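Report on the structure given below.
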Amino acid sequence: MIHGMASATVRDLRTRFPRVRALVAREGEVIVTLRGSPAYVLRPYTQPPPAKAEKVNYFRRLKSRQPRPLTANAACALDKADRGER
């Protein structure tokens, strides 16, 4: 049996859920009792606000992942090493 104090039993949830749902809509929340003592609280679900997405700086991320450019001296040394005995 659904009581007038915005409470219901576990049995009410199983057998008379549409009435309990209407009670939740009307009262805002319902206390569910288990063997005579309060056990749970039913409330309407409210969706949390979406988290703000952080803007991604793709160019900075790309530059941080690229290797550092060779200096002029390192480039010359690499060219000389590649030529070998030619």
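The values are calculated or read from the model by the stated rules, or taken from the named source; none is laboratory data. Just so you know, these numbers come straight off a predicted model, no measurement behind them. All Cβ positions, glycine included, derive from the backbone under ideal geometry; neighbour counts span all protein chains shown.
If you check every pair at least six apart or on different chains, which have Cβ atoms under 7 Å apart with a residue in segment 11-33 that is closer than 20 Å to Thr46 by Cα first and a residue that is assigned to a helix (DSSP H, G or I) second?
Val20/Asp12; Val20/Leu13; Val30/Val20; Val30/Leu23; Val30/Val24; Val32/Val10; Val32/Leu13
For segment 19-33: of the residues being of a type outside the set (D, E, K, R) and assigned to a helix (DSSP H, G or I), which is surrounded by the fewest Cβ atoms within 10 Å (Cβ to Cβ)?
Taking segment 19-33 and keeping what is of a type outside the set (D, E, K, R), we get 20, 22-25, 28, 30-33.
Within this subset, residues satisfying the condition of being assigned to a helix (DSSP H, G or I) are 20, 22-25.
Working: Val20: 20, Ala22: 12, Leu23: 21, Val24: 17, Ala25: 10.
Per the stated criteria, the residue is Ala25.
When segment 54-68 is examined, which residues are found to be surrounded by fewer than 10 Cβ atoms within 10 Å (Cβ to Cβ), assigned to a loop (DSSP other than H, G, I, E, B) and modelled with pLDDT of 85 or more?
Answer for segment 54-68, where residues must be surrounded by fewer than 10 Cβ atoms within 10 Å (Cβ to Cβ), assigned to a loop (DSSP other than H, G, I, E, B) and modelled with pLDDT of 85 or more: Glu54, Lys55, Val56.
Condition (residue is surrounded by 12 or more Cβ atoms within 10 Å (Cβ to Cβ), among the aliphatic types (A, V, I, L, M) and in a strand (DSSP E or B)) applied to segment 4-17: is it met by at least one residue?
yes
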